[in-house]
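No value in this document is a laboratory result; all are computed from the given coordinates. All values derive from a computational prediction rather than experimental measurement. Counting neighbours? That spans all protein chains shown, and the Cβs are built from the backbone with ideal geometry, glycine included.
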Amino acid sequence: MPNSSVAVRFEYASERTIRKRNKLHYRFAHWPIWIVVFYLAPGPFTFDLFAHGVHPYMAAWLGLVIIATGMAGLFGKLPGVEPKPYIIRFTEDRSNPLYRRTCYTLAWSELVTYAALNIAGLIGAIATGQWRLQQIYSYAYFPIAATFWVLGALGKLPRVKPSTAGEGHERRYFYGTVWACVVAQPILGLLWWWLPRGRIFDILRLCGFGGVLAFMGALAVRGHLPRTRPILPGELAVSD
């Protein structure tokens, strides 16, 4: 990338294929993503789901989320589920609609909060020899998540700003975070099941989790992961 000390893969907007409409399979492929995002929103209850299995209230919540997101998608009010791409020109100062700002705010809050609390739980287990992750989620999830909700409402998060003018760079921050978290979280889950209990193994879990986050983050910074290349000003491009 020009004027950068790190070798970054980038794209010119004028070189990207223009998509006039979103195909039906493309729209359906994005719908489950937002089902997951909204389903995971009540963090402490989600923790209980992973710890103890499905409860009737979480099953009811899933049904409500499926219905609500399905209706939103039907009317083109979910990112990626619109009949046609909303953003065509990456440098265009276009209003960022409320549904996009809401969805991406919620996604940001979950990506960061879940990762931060899992790291806090690991550090606490290493320091004290006891796991208190459920208590950490109960007391800390909503204060941290609510901080991101406020930042989103103020338009201070990437992809959540009032204008889409910075989309060419903002989307790479978002997808870089997505890639890092969606790879690191399952690996942490596997390490939880595979490794025995004990402080030394908790240290290994923390190193593994943090190492994957850092590795995926480094790949994203260099533009080696899908949708993490900066898109430089040009003519037309399509954003998802």
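Can you run phi through the Karplus equation (6.51, -1.76, 1.60; θ = phi - 60°) for segment 57-67 and list ³J(HN,Hα) in whole Hz, with x for Gly and Pro?
5, 6, 5, 5, 4, 4, x, 5, 5, 4, 5
Report the charge-dipole magnitude of the chain in Debye, nearest 20, computed about the Cα centre from +1 at each Lys and Arg Cβ and -1 at each Asp and Glu Cβ.
It works out to roughly 400 debye.
Explain nothing, just compute: Karplus ³J(HN,Hα) = 6.51 cos²θ - 1.76 cosθ + 1.60, θ = phi - 60°, for every residue of segment 177-190 in order, whole Hz, x for Gly and Pro.
Along segment 177-190, the couplings run 5, 4, 4, 4, 6, 6, 8, 6, 5, x, 5, 4, x, 5 Hz.
In nm, what is the difference between 0.36 nm times the number of residues separating residue 203 and residue 154 and their Cα-Cα distance?
Length difference between fully extended and current span is 13.9 nm.
Give me the lysines in straight-line cross-link reach of residue 20: C-alpha distance below 28 Å, same-chain residues under 8 apart excluded.
By straight Cα distance, residue 20 reaches 77, 84, 161.
Using alpha-carbon pairs under 8 Å, 6+ residues apart, how would you state the relative contact order of segment 174-223 in percent?
In percent, rounded to a whole number, it is 60.
May I ask for the longest run of the chain untouched by GluC sites (Glu not before Pro) that are loop-located per DSSP and have at most 14 neighbouring C-beta atoms (other than their own) within 10 Å?
By the stated rule (loop sites, at most 14 other Cβ atoms within 10 Å), 93-234.
If you plug each phi of segment 113-127 into the Karplus form 6.51 cos²θ - 1.76 cosθ + 1.60 with θ = phi - 60°, what whole-Hz ³J(HN,Hα) values come out, in order, with x for Gly and Pro?
5, 4, 5, 5, 6, 5, 5, 4, x, 5, 5, x, 5, 5, 6
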